[in-house]
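What follows draws every value from the coordinates through simple rules; no lab data is involved. Being a predicted model, the structure only gives us computed values, none of them experimental. Neighbour counts are summed over all protein chains in view; Cβ atoms, including those assigned to glycine, are modelled from backbone coordinates with ideal geometry.
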Amino acid sequence: MNESEIAMTTKDLKTDCRFFRGDIPCRPHKLHGVHCVDDRGNACRHYDPVNKRILIIKLGAIGDVIRTTPLLRTLKLVEPHAEIWWLTLTPEIVPDSVDLVLPFTPQSVVTLGATSFDTVYNLDKDREACALCSKVDARVKKGYTLRKGKCAPIDAAAEHKYLTGVFDDLSRSNTKSYQQEIFEICGFEFEGEEYIMPAVAEYRWRLPKKKRIVGLNTGCGGRWTSRLWPDASWVSLARKLKKAGYVPLLLGGEREHKKNLKLARQSGALYLGHFSLKQFMSEVNECELVVTAVTMAMHLAIGLKKKIVLFNNIFNKHEFELYGRGEILEPDLECTCFYSPTCPNNCMQYLSVERVFEACRHLLAH
């Protein structure tokens, strides 16, 4: 050991620094070789003290996590010296501006049980999220907790979204977007804050140069099949787009692979396959406009600031914030399967190809 190492003690550590880990060297030390204090007792130039610790609990699907990220923009403004933790089922999509991203595992739950927070924002109504919120030590709690084994709002700010989740008629009459609701729950006002997306990886896609790409996201997951648009409609739309000089690009995951192969053969649209989340983000980023139902691809398109034609039939259209870059289309036949996984009337067949094509042309013209 050299003299500086012998002289350093744990009393010299800046454990309140944003970069301090305790289990491994901090990033500034790895990059620049600095210590918490130098041999003259001066603090490291990278020292960034935090005065609060905030926990966000948003487990949810990937799309739900993505559309919660605007909240970080406001938190960083009002609490610039806070350390932000986020517990989620999809840590890969949480922005780098979060100080500690925790996957929802037993190890993370143990860690949270031994940590005190200034504020906890639980934005999920799942029992496990609410139960965890009720157990975590925090001075302030916002959102939802568990009472008598059931989800309950912590305070009046969470009542609006809570009630729209238990009564269909209240949900139908709601005129607030998801972002407005979660901002209100947290005590803020939504002012159009955009999604925060991870960096988009670079891939070499086999796409025509200098052509305008229109992504056609043909699936909607396995649970909410009531949102599916007929295959024949996708084929017709792809042909119309191609005839108008655009390049229709079929999008989807493994579930849609066989379907998209078939649609590509029938319509002449491009289909490059299904990919990992990072590659799929890159593929969506190649598109100028995306046509989709309410899916993860919708949130990726919004986050990547693409124009979007959004199909909606079973949700309240006011829920979706498109930031002025899209149009929401609903079937001509009013759907009676509100928030239902299946639709006995197959109402999506009553959304015409012509309406979708004209919406695409209108958005692409601006």
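Close amide-amide hydrogen proximity is noted between Val290 and Gly215, Lys307, Ile308, Val309, each under 5 Å apart and 5 or more residues distant or on a separate chain (H modeled in the peptide plane; Pro and chain starts excluded).
May I ask for the percentage of alpha-carbon pairs in the stretch 114-158 that lie more than 14 Å from each other? Of all Cα-Cα pairs in the stretch 114-158, 39 percent lie more than 14 Å apart.
Using the number of other C-beta atoms within 10 angstrom as an exposure proxy, rank His35, His366 with the fewest first. Each step should come with its number before you reach the end.
On the way: His35 17, His366 6.
Ordered from fewest to most neighbouring Cβ atoms within 10 Å, His35, His366 come out as His366, His35.
Along the stretch 75-92 the Karplus relation, 6.51 cos²θ - 1.76 cosθ + 1.60 evaluated at θ = phi - 60°, assigns HN-Hα couplings of 4, 5, 7, 7, 10, x, 9, 8, 9, 9, 10, 9, 9, 7, 7, 10, x, 5 Hz to successive residues, with x for each Gly and Pro.
With +1 assigned to the C-beta of every Lys and Arg and -1 to the C-beta of every Asp and Glu, and no other charges, what is the dipole magnitude of the chain about the Cα centre in debye, to the nearest 20? Charge dipole of the chain: 1360 debye, to the nearest 20. Each residue of the stretch 97-111 was assigned a 3J(HN,Hα) from its phi angle through the Karplus curve 6.51 cos²θ - 1.76 cosθ + 1.60 (θ = phi - 60°); the sequence is 5, 6, 6, 9, 9, 10, x, 7, 10, x, 4, 5, 4, 4, 4 Hz, with glycine and proline shown as x. In plain terms, the residue of Met348, Met197 with the fewest other Cβ atoms within 10 Å comes first and the most crowded comes last, giving Met197, Met348. Placing +1 on the Cβ of every Lys and Arg and -1 on the Cβ of every Asp and Glu, with nothing else charged, gives the stretch 1-49 a dipole about its Cα centre of roughly 240 debye. Hydrodynamic radius of the stretch 149-279 by the Kirkwood approach over all distinct alpha-carbon pairs: 18.4 Å. Shape index of the stretch 213-364: Rg/Rh, with Rg the Cα radius of gyration and Rh the Kirkwood radius from the inverse mean 1/r over Cα pairs, equals 0.92. Across the cross-link table entries Lys141/Lys317; Lys259/Lys307; Lys211/Lys307; Lys210/Lys258, which are compared at the Cα atoms, the separations over 18 Å belong to Lys141/Lys317; Lys259/Lys307; Lys210/Lys258. Remark on Ile84: its backbone amide H falls under 5 Å from those of Ile54, Asp99, Leu100, a criterion applied only to residues 5 or more positions apart or on other chains, H modelled at 1.01 Å from N. Take every Cα pair under 8 Å whose residues are at least 6 apart in sequence, average their separation, divide by the length of the stretch 213-364, and the relative contact order is 27 percent. The phi torsions of the stretch 211-218, fed into the Karplus equation with coefficients 6.51, -1.76 and 1.60 and a -60° offset, translate into couplings of 10, 8, 8, 10, x, 10, 8, 8 Hz, rounded to whole numbers, with Gly and Pro shown as x. Mean projected area of the convex hull spanned by the Cα atoms of the chain, taken over all viewing directions: 22.2 nm². Applying 1/(1 + (r/R0)^6) with r as the Cβ-Cβ distance of Ala152 and Arg355 and R0 = 41 angstrom yields a FRET efficiency of 0.45. Within a straight-line Cα-Cα reach of under 21 Å, Lys148 can be paired with the following lysines, leaving aside sequence neighbours fewer than 8 residues apart in one chain: Lys125, Lys135, Lys161. Extents of the stretch 295-366, taken as max minus min of Cα coordinates on every principal axis and listed largest first, are 36, 24, 18 Å. Taking other C-beta atoms within 10 Å as the exposure proxy, Thr10, Thr164 rank Thr10, Thr164 from fewest upward.
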